[in-house]
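Working notes, structure below.
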Amino acid sequence: MERFKFLFFTILFVPLTFAQSYPDAHVDHLLKNGIASIMEQNYEEAEKTFSYLDFEYPKLPFGKLYLSAVVITKANDLSIPLEMEKISKYLDEAERIIEKNNLISPLWVNYFWGMIHGYRAYSSSLQGKWFSTFSDGINAVNYFENCLKIDSSFNEALIAIGTYKYWKSVKAAWLPFFSDERVEGFQLLSKATQKVSYNFPSGVISLIWVYIDSKKFTSAITLAQDAIKKYPGNRNFKWALAQAYENVDLVKAIETYYELLASYASVMKKNRINEIVLKHKIAQDYDRLGEAKKSLQICNEILLNKNFTDYEKHITEDRLKRVNTLRNKILSQQKEK
């Protein structure tokens, strides 16, 4: 699966994991700590925090919802299989909590339902169930629009709606019943990211990818660099920065991809999916720079990987074919010289 396709659904619904300030100070404190751990990509600590939140506040669905967010974010970041059963279990339990508790304010009830539909849409997308994906996506947006009707300053709703409207328009433009709302989506995201709060990163990563899609690479680079200064270890921002650099400065793109490669080596003994994707991108960029020898060397390194798991084989099959195509092209060019 192409990382951009995977990232599309991640940025579509991961913004829903960064909550507006909750009235209860202790709940808000736990949410901030858990979110900080997600931003630092310390998933074990995030899971502990949200499990404690779930234990301390069983009548609130926050714990279940954010535990599902940890599962989704970790799987995307580390390119490991998504635990669908665990996510479904958390979401089903969150639904039961909302339905039983009539003391939650209407604002937060709509917010919670928006999150649930957002995560369900994400799960459907990974299973290729596109009707369910967009159906749940629309339901999520409707709930977030309800949030804005109740409180027009509810920043999370702006981020969620803006992200959905833009990427829905890009990915479903060929469908007759979807209108082009890219301009409105961009405006909502721009407005949301002007408010600096602890939910700021989710809007920023969405806006960076919108800039890249719109070919506003300088704006994307500036925004990504600012975000990395605040969150130097966050790989989401570096992936976006490298992608933007590919269109204006291949040398810096390669440097950033190597930084990502090193960061994965420090958190996993062997992450062959991300290793293959990153090395392929580096090889492509070296080829575009005219450094065929370096590109060929990296292609050979990639193709030395053997004994893939079924999951690795499924994810990397198409990319390995493209690596081999690049390698053969370089070898053919060398023979002609």
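In region 230-257, the residues that are part of a loop (DSSP other than H, G, I, E, B) reach residues that are modelled with pLDDT of 95 or more and not aromatic (Phe, Trp, Tyr) with C-beta atoms within less than 7 angstrom, at least six apart or across chains, in these pairs: 246/253; 246/285.
The condition (being touching a Cys at 6+ places or on another chain (Cβ under 9 Å) and at pLDDT 95 or above) is satisfied by just one residue among 279, 293, 329: 279. One residue alone among 164, 111, 143, 122 is in contact with a Gly (Cβ under 8 Å, 6 or more places away or on another chain), surrounded by 24 or more Cβ atoms within 10 Å (Cβ to Cβ) and in contact (Cβ under 8 Å) with a residue 12 or more places away in the chain, and that residue is 164. Output the residues belonging to region 256-314 that are farther than 23 Å from residue 81 by Cα, of a type in the set (Ser, Thr, Tyr) and under 21 Å from the mean Cα position of the chain (by Cα). Within region 256-314, 256, 258 meet the criteria.
Do you know which residues across region 296-315 are surrounded by 11 or more Cβ atoms within 10 Å (Cβ to Cβ) and either at pLDDT below 95 or not in a helix (DSSP H, G or I) (or both)? Spell out how you get there, then give the answer.
To start, the set of residues in region 296-315 that are surrounded by 11 or more Cβ atoms within 10 Å (Cβ to Cβ) comprises 296-303, 305, 308-309, 311-315.
The answer is 305, 308, 309, 311, 312, 313, 314, 315.
Exactly one residue out of 270, 191 is modelled with pLDDT under 95 and farther than 24 Å from residue 164 by Cα: that is 270.
Any idea which of 80, 72 is under 18 Å from residue 51 (Cα atoms) and either assigned by TED's automatic domain parsing to the domain that holds residue 141 or in contact (Cβ under 8 Å) with a residue 60 or more places away in the chain (or both)? Spell out how you get there, then give the answer.
Numbers: 80 fails: under 18 Å from residue 51 (Cα atoms).
The conditions single out 72.
The values are calculated or read from the model by the stated rules, or taken from the named source; none is laboratory data. No experiment lies behind these values; they were computed from the predicted model shown. With ideal geometry, Cβ positions are generated from the backbone for all residues, glycine too; neighbour counts draw on all protein chains shown.
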